[in-house]
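In what follows, a single structure is set out as structure tokens and then discussed.
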Amino acid sequence: MKFARLASLLWCGAVLASSPAFAETQLKVYLSSQGQPAVWRKALDQFEAHNPGIKVTIELGGATSDLQAQYLNTVMSAKDSSLDVLILDVIRPAQFAAAGWLSPFAGRDLQSYLRPYAEANTVDGKVVALPAFADAMFLYYRKDLLDKYGLPPPKTWDELAIAAKKVTEGEHSQDLQGLSFQGKAIEGAVCTFLLPYWSQGKTVVEGGKLTFDRDAATKSLALWKSFAEAGVAKKNISEVATDDTRKEFQAGNVVFAVNWGYAWALSQGDGSAVVGKVGVARLPAVAGGEQSSCLGGWEWGVSAYSKHQEEAKKLAEYLSSPEVSKFMAINGSLLPTYAALYTDSEVNKAAPWFADAVPVVRTARARPVTPRYNEVSEVIRTTVNAVLAGVTTPADGAAQIENRLKRILR
Ligand code: GLC
């Protein structure tokens, strides 16, 4: 009797120990809600299928990069071990590595990736994260409407303003905006500021030194403000975040939109009013200036506090592989981090404009790289927002940015 009970206990124990519930490693991946989480989930399902001992759950971050950073700063400052793999905006690896929050990939080299991402993920000679997807800002436009009015995609912001007026006036629609861009005090508004600023041939930081040009900054802020004042952009553009631009464009209410790569798949997907009507071009320049774009993109970091270092690294490697990069390009229009995928026929079939996107990504400029990037970003984006909301003038805004950056980057 005694023996029988013991035997059955042992048998139960053996069954439990060999059942997946016991052997399983649970990994938690932190994802951005702006970067196609449903498509990443499919890639994670594949990973689970090939790694029966590992289960992966997703934790979804806030709607914008800055909200996500705020949350991650709290979690990581508390040395919280609940997140294993983190998706990080391209501007963050430097700060996260300086804080000791990332577990480096020893012996890894990043030569197979596009150069800007190899650079962004290498801090003090160490590979601190692996590229997830590339990104840059583009000009989305309504091909059907530009064709209707015999207009080519604009090369300068002045041309854009004229084209936008012509189309919106011709269409007699109350709902049609000429241009949508990001005026809310979100991370994307840093790029809003930088686009016309860089286009004037200016830089913000060089070799760790502030090279800020106040006149060019004033012109940049004045340009965006003039779009709202002239009715090219809507009056409350100071309330518009990235995904608002995406949704309004997709609803057919915008002629030109400044946005990132992810907006393409959604504009061609279910429920979009503009399927087959969208063109993507380089962003315009200021008159006499150069067309420039802002480098975006996301990276996979492994939390230094993860209790599953080996499995987390295996997952990050998988998510950063050419296979997953291709899968995400085709199914989520996330730009690949491998050059070869830009000429891949299946990728080009899914997103025909990708072939033209690679030179943009390669020449896009990086936002200032500094462990104090959070503060730099805060100064720029809140000022862009204040100017667009009419709280401050472009000239005062430019002076405020300069003074505050001097203190941060001295
Ligand atoms: C995109 C870019 C990212 C940028 C963000 C701003 O997700 O990839 O780099 O910071 O937009 O909204």
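The values are calculated or read from the model by the stated rules, or taken from the named source; none is laboratory data. Predicted model only: the values in this text are computed from it and were never measured. Backbone-built Cβ (ideal geometry, glycine too); neighbour counts: all protein chains shown. Areas reflect the complete protein model, heavy atoms only, side chains present, ligands, DNA and RNA absent. Shrake-Rupley method; radii C 1.70, N 1.55, O 1.52, S 1.80 Å.
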Which angle between 0 and 90 degrees, to the nearest 10, do you get for helix 373-388 versus the longest principal axis of the chain when only C-alpha atoms count?
40 degrees
Across the Cα atoms of the chain, what radius of gyration and what greatest pairwise Cα-Cα distance (Dmax) are found, in Å?
23.5, 94
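Expressed as a rounded percentage, what relative contact order does the chain have, with Cα pairs under 8 Å and six or more residues apart?
Computed over the chain, the figure is 24 percent.
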Region 294-402 shape via C-alpha gyration tensor axes, a/c threshold 1.5:
oblate
Please compute the net charge surrounding residue 392, taking Lys and Arg as +1 and Asp and Glu as -1 over other residues with Cβ under 13 Å from its Cβ.
+1
Return the inverse of the average 1/r over all pairs of distinct C-alpha atoms in region 138-218, which is the Kirkwood hydrodynamic radius, in Å to one decimal.
14.9 Å
By how many degrees, 0 to 90 and rounded to 10, does the Cα axis of helix 309-319 deviate from the longest principal axis of the chain?
50 degrees
Per the rule of 0.36 nm per residue minus the C-alpha distance, extending residue 214 to residue 323 adds in nm 34.7 nm
Taking Cα atoms, the helix 2-18 axis meets the longest principal axis of the chain at an angle in degrees (rounded to 10) of 30 degrees
Excluding ligands, DNA and RNA, the carbon-plus-sulfur percentage of the accessible area of the chain with a 1.4 Å probe reads 54 percent
Shape parameters for region 359-410, alpha-carbon atoms, Rg then Dmax in Å
12.9, 38
Sorted by packing (mean other beta-carbon atoms within 10 Å per residue), highest first, where do 216-223, 330-337, 390-397 land?
330-337, 216-223, 390-397
Heavy-atom surface of region 64-164, accessible at 1.4 Å and reported per residue (Å²):
40 Å²
So which aspartates and glutamates can residue 326 reach, going by Cα to Cα under 17 Å and dropping same-chain residues fewer than 8 places off?
45, 135, 299, 317, 344, 346, 356
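Which shape class applies to region 18-82: rounded if a/c is under 1.5, otherwise prolate when a/b exceeds b/c and oblate if not, where a ≥ b ≥ c are the square roots of the Cα gyration tensor eigenvalues? Before the final figure, lay out each step's value.
Values: a/c = 4.45, a/b = 1.54, b/c = 2.90.
Oblate, because a/c is 1.5 or more while a/b does not exceed b/c.
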Packing-based ranking, highest mean first, of 74-82, 127-135 given that Cβ atoms within 10 Å are counted:
127-135, 74-82
Determine the per residue accessible area of region 355-402 with all protein chains present and a 1.4 angstrom probe, expressed in square angstrom.
40 Å²
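With the Cα gyration tensor of region 112-183 giving a ≥ b ≥ c as the square roots of its eigenvalues, does the rule (a/c under 1.5 for rounded; else a/b larger than b/c for prolate; else oblate) give rounded, prolate or oblate?
Note, shape of region 112-183 comes out prolate.
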